[in-house]
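**Student:** Following this message is one structure expressed as structure tokens.
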Amino acid sequence: MITPVTSVPIPAILEIKNGVIHQLGDILEKHQFATAIIIFDPFTYENFKEDILKVRTSINIETLILSSNLDIQDLIKKAFELSRYDVVIAIGGGSIVDYGKYIAFARRSPFISIPTSASNDGFASSNCSILVDGKKTTVPARVPYGILADLNIIKHAPSRFVLAGIGDLMSNITAIYDWEFEERHGKSFVNAFASMLSKKAVNSFIRTPMTDIKNPILLKELISSATMGGISTAISGNSSPISGSEHLISHALDKIAAKPAMHGIQVGIATYIMANVQNHRAVRMRKVFERTGFFQYVKTLNLLKHEFATAIQMAPSIKPNRYTYLHDPTYQAKALQFLEEDPIINELLK
């Protein structure tokens, strides 16, 4: 039987530049949207409502402010309380973008993502992280119809958000190696095009000068690369091109850590660990994290080594249907040994 050619959704709008937020009205008109709802959280409403709402446009634009910690039932209820809009837009960080993405998915509406930081790839991916029965759960959505990344906004976000985005993007390297490991063990099938796109995304970023993480060139490359990673998940139909054992460690930390760090920070540390366990591009990983100041920032967080050890042991149970390096007891033991013996880890974690 011949496998049919895959139809892949990609954003119809992709704007990554200074001041693009002021062009929102023109962009919506160009794509023939007559009505829109823009979703804010309290912070983004307070800080960006004037930039968003002063655009001159004939489009009927309404606003919605959502609080944090909403679960999937809250979002479904909210989605069907709303009138029908031609497009749903969300501006903010990971949570509010995920809320907007899921509301748009539930109502079968196009979605436009306006990220205010580059802390993770959620603004471009084909899924979202939502509370289900009190637990953060990855649920399906769609690749956004549009992504508007205003570099003037993103460069003014605290540096930790950029560092988190770098940690999240670098995990493509270990995630792809996990995916290939699964295929060798007959547990998965690697989609070659999704794998290639994920690799190209991270390799493009690695070639970027890293002396200044607020440099617009680095920020544009980081966002572009995260967007390619998001599209790779639409091609594969799952998160495997950008999420492997390192993400399982982070998800476990979210459950057991007394004070979980930002997602991309936890993922970055776990990526460094797993690159050494996999013995794959570990030197490159270390250089990126040193040059960007990622390691230096982690040292200020007082993260606990014993929590990472527990998370490594717990990781296979987070997604028992997968078969990453951490699902193999030999490599899990190697990860725990590396955690104890690596001099860099012993500087980063208490």
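One line per residue, one yes/no per condition, for (1) part of a loop (DSSP other than H, G, I, E, B); (2) on the phi < 0 side of the Ramachandran plot; (3) assigned by TED's automatic domain parsing to the domain that holds residue 27:
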| site | (1), (2), (3) |
| --- | --- |
| 124 | yes, yes, yes |
| 128 | no, yes, yes |
| 163 | no, yes, no |
| 171 | no, yes, no |
| 182 | no, yes, no |
| 187 | yes, yes, no |
| 204 | no, yes, no |
| 211 | yes, yes, no |
| 218 | no, yes, no |
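**Student:** Can you confirm whether region 4-23 contains a residue that is in contact with a Lys or Arg (Cβ under 6 Å, 6 or more places away or on another chain), closer than 23 Å to residue 125 by Cα and not β-branched (Val, Ile, Thr)?
**Tutor:** No, that holds for no residue.
**Student:** For a quick check of your reading of the model, give me the residue pairs whose first member lies in region 209-235 and is touching a residue at least 12 places away in the same chain (Cβ under 8 Å), whose second is in a helix (DSSP H, G or I) and of a type in the set (Asp, Glu), with beta-carbon atoms closer than 8 Å and at least 6 apart or on different chains.
**Tutor:** These pairs meet every condition: 226/168.
**Student:** Further, regarding this structure: From the list 217, 213, which one is surrounded by fewer than 23 Cβ atoms within 10 Å (Cβ to Cβ), under 20 Å from the mean Cα position of the chain (by Cα) and closer than 21 Å to residue 285 by Cβ?
**Tutor:** Within the list 217, 213, the selection yields 213.
**Student:** Let me ask you something else. When residue 231 is evaluated against the numbered criteria (1) modelled with pLDDT of 95 or more; (2) in a helix (DSSP H, G or I), which criterion, by number, is the only one it fails?
**Tutor:** For residue 231, the failing item is (1).
**Student:** What about residue 226, is it within 27 Å of residue 29 (Cα to Cα) and not in a helix (DSSP H, G or I)?
**Tutor:** Details: within 27 Å of residue 29 (Cα to Cα): yes; not in a helix (DSSP H, G or I): no.
Judged against the criteria, residue 226 is not a match.
**Student:** While we're here: Can we say residue 78 is of a type in the set (Lys, Arg), crowded, with 17+ Cβ neighbours inside 10 Å, in contact with a Phe, Trp or Tyr (Cβ under 6 Å, 6 or more places away or on another chain) and not assigned by TED's automatic domain parsing to the domain that holds residue 172?
**Tutor:** Values: of a type in the set (Lys, Arg): yes; crowded, with 17+ Cβ neighbours inside 10 Å: yes; in contact with a Phe, Trp or Tyr (Cβ under 6 Å, 6 or more places away or on another chain): no; not assigned by TED's automatic domain parsing to the domain that holds residue 172: yes.
In short, no.
**Student:** Still on this structure, I have one more. Filter region 277-336 down to the residues that are in contact with a His (Cβ under 6 Å, 6 or more places away or on another chain) and assigned to a helix (DSSP H, G or I), then identify the one that is modelled with the lowest pLDDT.
**Tutor:** 318
Condition check ((1) loosely packed, with under 14 Cβ neighbours inside 10 Å; (2) basic (Lys, Arg); (3) under 24 Å from the mean Cα position of the chain (by Cα)) across all residues:
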{"residue": "282", "(1), (2), (3)": "no, no, yes"}
{"residue": "294", "(1), (2), (3)": "no, no, yes"}
{"residue": "320", "(1), (2), (3)": "yes, no, yes"}
{"residue": "326", "(1), (2), (3)": "no, no, yes"}
{"residue": "333", "(1), (2), (3)": "yes, no, no"}
{"residue": "349", "(1), (2), (3)": "no, no, yes"}
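**Student:** Among the residues of region 110-148, write down those that are touching a Leu at 6+ places or on another chain (Cβ under 8 Å) and closer than 20 Å to residue 9 by Cα.
**Tutor:** Matches in region 110-148: 112, 113, 114, 121, 146, 147, 148.
The values are calculated or read from the model by the stated rules, or taken from the named source; none is laboratory data. Just so you know, these numbers come straight off a predicted model, no measurement behind them. We place every Cβ from the backbone using ideal geometry, glycine too, and count neighbours over all the protein chains shown.
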